[in-house]
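Presented below is the structure to which this report refers.
Every number in this text was worked out from the coordinates using simple rules, so none of it is lab data. Please read all numbers here as calculations on a predicted model, not as lab measurements. Cβ placement follows ideal geometry from the backbone for every residue including glycine, while neighbour counts extend to all protein chains displayed.
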């Protein structure tokens, strides 16, 4: 039974990933460290995670699983050129359970953005970004 459950979870994760252009955390860290304009990064998960630690320069857009989060993302991305590279990430939970990334990507594509990727967070932001030593910054209570 456990093997069956693991198999179903893997199929769901692969299905979600198949619909999205992905970027691995290591590749995003390299892009952000390079000189020149990097991608615009949006955090589309819970505010408590963003306030704790997030990718430097990431813009908090709110949980994309909620209408108010999608509206915040729409406002935050609205003035960007539609060919600008965008990366969205959440990190609240394992990839196969994330309720926020797919709605965020879908909204940005509906808005006409052509270079949207989702950062693949296999486990959670702490395990897949912070524990690997990639750069972080702390949020403030007002964010």
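Here are some notes:
- Burial ranking of peptide ranges 50-62, 20-32 (average Cβ count within 10 Å, highest at the top): 50-62, 20-32
- Global geometry of the stretch 12-110, whether rounded, prolate or oblate, following the gyration tensor of its Cα atoms and the 1.5 cut on a/c: rounded
- The stretch between residue 47 and residue 111, if pulled fully straight at 0.36 nm per residue, gains 20.7 nm over its current Cα-Cα span.
- Placing a pseudo-label 7 Å from each Cα along the Cα-to-Cβ vector at residue 22 and residue 126 gives an inter-label distance of 2.3 nm.
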